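Q: One structure, pasted below without further comment.
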Amino acid sequence: MIELIDVSFGFEEKIVLKDINLKIEKGELCTIVGPNGSGKSTLVHVITGIYKPYKGIVKLFGREDYREQRRKISFVPQKVSSFNQLFPISVKETVLLGLVPQKGFFKRFNKEDFKKADDILKKLDLYETKDKQLGKLSGGQQQRVFIARALISEPEILILDEPTVGIDSKSEEILYNLLLEQKNNNTTIVMVTHDIFAIKDYADKVVCMKDGEILTIFGAKEFSAKKYKQIYLTD
Amino acid sequence: MLRYAFMQRAFIAGIIISIIAPLIGNYIMLKRFSQIGDTLSHSAILGVALGLLIGINPLIGALVITIFFAIALERLRKEFKGFAEISLSMITMASLGFSAIIFSRIKSSANVMNYLFGSIVAISLADLILILLIAIPSVLLILIFQKELLYICFDEDGAYVSGINVKLLNLVLNILVALVIGISLRIVGGFLISALLVIPGAISMKLVSNFRKLQLYSVLISLFSVVFGIILSFYLNISPGGSIVVIFTCLYAITEFKKGM
């Protein structure tokens, strides 16, 4: 589903990712961990196509040119850096944005779309807030709205960049339950996280990064706190 | 007042412009790219200068030059990635520099003042037809792309990842801004057009919680200010651009005051 072959990326002179090789199969939950500055977020930005590598191949859906398949991808960015709290948009409007790529030009949202939005908001315990301005919600609620926007289009690939940063435990629990539900629906999930221990039992792959390189990749149930310490605290 | 043909034309042009300017302006405001209005309005002044110099309708000159710079801007933004304001400043200054040289060669200064600060007597029937011809496809473009434009304003990366053609939409938005500036030139004047693009949205942002209401309120605020501004301009013999911006400023102050209470 997702394949990176010898991928390197940099900003101007600075190399941020070096010779990355990674294969994620359909329906897998892959988490990416590592200290700050290790290249985790850059890696997901390369996978999404926002950053173009100067070397190597990125394949999604088995193709290098996956423009036609883009509408099957949803991306949840790091909330704080991507959203202006004063932006005049309601919770419902935000969630409906997730359907824009599928709707096409000139087509307005219909009853079915509104029902989809209501359903996903109920699932994420946000229905009561649907007419509120997004910026007026708590950090955890806002993050759940971003996730609702990503899920409403029923994506085949879901990419999340540190979705649990700054959110309350209730939102975290709802998020993880939802991710597992998506995984069971055969959605491929790539998630950058600092909170690996909360989800390690469900991850099919744990990619450990440092200084722009993949140190090691653990398979399902192989990852443990002890191994994590061995990798990152032995310097 | 309405028995004068020039006032009828001023009101029709004013109403059209007051509806489409905030509809487009709100997108650039939300993209935090409001300064593009200021930059392209200076390009419009250069277009007017060129129009007057070579003897064509200055409005056509303004439209051609603003569209040219709107396209050039996207290229320059790439050159100065992350420093968009550099490309904006460069176009503003280049436009003003060339305009200053050309205006110093043109004899009629009254004409120039009309284009800088607007005039209600200056709108000809040909201008009105041109305004309509530009306004109708512009509104259609907004209707076609409204969902996509909101998406790129809210989260450009997310929109790109999901397959929205961000590059094309940014270009469409720049061209729409250029068009609205070109047709607003007669009434509001080159120096004050960006107020029409940004201030109705800025006032509405204080009052609304969603994007639909933002569009609705900003059109109503703009419509009220433009019509009232034209009336003031007629009775007080002042520039309509100036009176419209003063009304905007008063409305903004009232909104701030009410919110603070």
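The values are calculated or read from the model by the stated rules, or taken from the named source; none is laboratory data. Predicted model only: the values in this text are computed from it and were never measured. Here the Cβ is made from the backbone with ideal geometry for all residues, glycine too, and neighbour counts use every protein chain on show.
Q: Working only within region A:167-194, note down all residues that are in contact with an Asp or Glu (Cβ under 7 Å, 6 or more places away or on another chain) and outside any helix (DSSP H, G or I).
A: A:T187, A:T188, A:V192, A:T193, A:H194, listed by residue number.
Q: Could you check, for region B:125-136, whether at least one of its residues is among the small types (G, A, S) and either within 14 Å of chain A (Cβ to nearest Cβ) or farther than 30 Å from A:F106 by Cβ (or both)?
A: yes
Q: So B:F211 ticks every box in (1) buried (at least 19 other Cβ atoms within 10 Å of the Cβ); (2) more than 9 Å from chain A (Cβ to nearest Cβ) but one. Which box is left unticked?
A: Single failed check for B:F211: (2).
Q: Can we say B:I60 is crowded, with 24+ Cβ neighbours inside 10 Å and modelled with pLDDT of 85 or more?
A: It is false that B:I60 is crowded, with 24+ Cβ neighbours inside 10 Å and modelled with pLDDT of 85 or more.
Q: One residue is enough: does region A:24-36 have a residue meeting the conditions assigned to a helix (DSSP H, G or I) and at pLDDT 90 or above?
A: No, that holds for no residue.
Q: Find the residue count for region A:80-89, including only residues that are in contact with a helix residue (DSSP H, G or I) (Cβ under 9 Å, 6 or more places away or on another chain) and more than 7 Å from chain B (Cβ to nearest Cβ).
A: 4
Q: A further question on this structure: Pick out, from region A:90-166, the helices (runs of 4 or more DSSP H) lying fully within it that include 2 or more residues that are in contact (Cβ under 8 Å) with a residue 24 or more places away in the chain and within 13 Å of another protein chain (Cβ to nearest Cβ).
A: A:91-97, A:100-103, A:139-151
Q: Are there any pairs, at least 6 apart or on different chains, whose C-beta atoms fall under 7 Å, with the first in region A:42-55 and within 12 Å of chain B (Cβ to nearest Cβ) and the second surrounded by fewer than 24 Cβ atoms within 10 Å (Cβ to Cβ) and assigned to a loop (DSSP other than H, G, I, E, B), and if so, which?
A: A:H45/A:Y51; A:V46/A:P53
Q: Which residues, taken from region A:56-79, are part of a strand (DSSP E or B) and either closer than 14 Å to A:I157 by Cβ or within 11 Å of chain B (Cβ to nearest Cβ) (or both)?
A: Passing the criteria: A:V58, A:K59, A:L60, A:R63, A:I73, A:S74, A:F75, A:V76.
Q: Report whether or not A:T94 is under 22 Å from B:G163 (Cβ atoms), among the hydroxyl-bearing types (S, T, Y) and touching a Phe, Trp or Tyr at 6+ places or on another chain (Cβ under 9 Å).
A: On the way: under 22 Å from B:G163 (Cβ atoms): yes; among the hydroxyl-bearing types (S, T, Y): yes; touching a Phe, Trp or Tyr at 6+ places or on another chain (Cβ under 9 Å): yes.
The answer is yes for A:T94.
Q: So which residues in region B:14-73 are farther than 28 Å from B:K167 by Cβ, polar (S, T, N, Q) and touching a Gly at 6+ places or on another chain (Cβ under 7 Å), if there are any at all?
A: B:N57
Q: What are the pairs with Cβ atoms under 7 angstrom where one residue, in region B:139-159, is more than 7 Å from every other protein chain (Cβ to nearest Cβ) and under 19 Å from B:A178 (Cβ atoms) and the other, located anywhere, is in a helix (DSSP H, G or I) and among the β-branched types (V, I, T)? Sequence gap at least six, or different chains.
A: The qualifying pairs are B:V139/B:I20; B:L141/B:V172; B:I142/B:I24; B:I152/B:V166.
Q: Restricting the search to region A:195-219, which residues are surrounded by fewer than 20 Cβ atoms within 10 Å (Cβ to Cβ), part of a loop (DSSP other than H, G, I, E, B) and not aromatic (F, W, Y)?
A: Listed by number, the residues that qualify are A:D195, A:D201, A:D204, A:D211.
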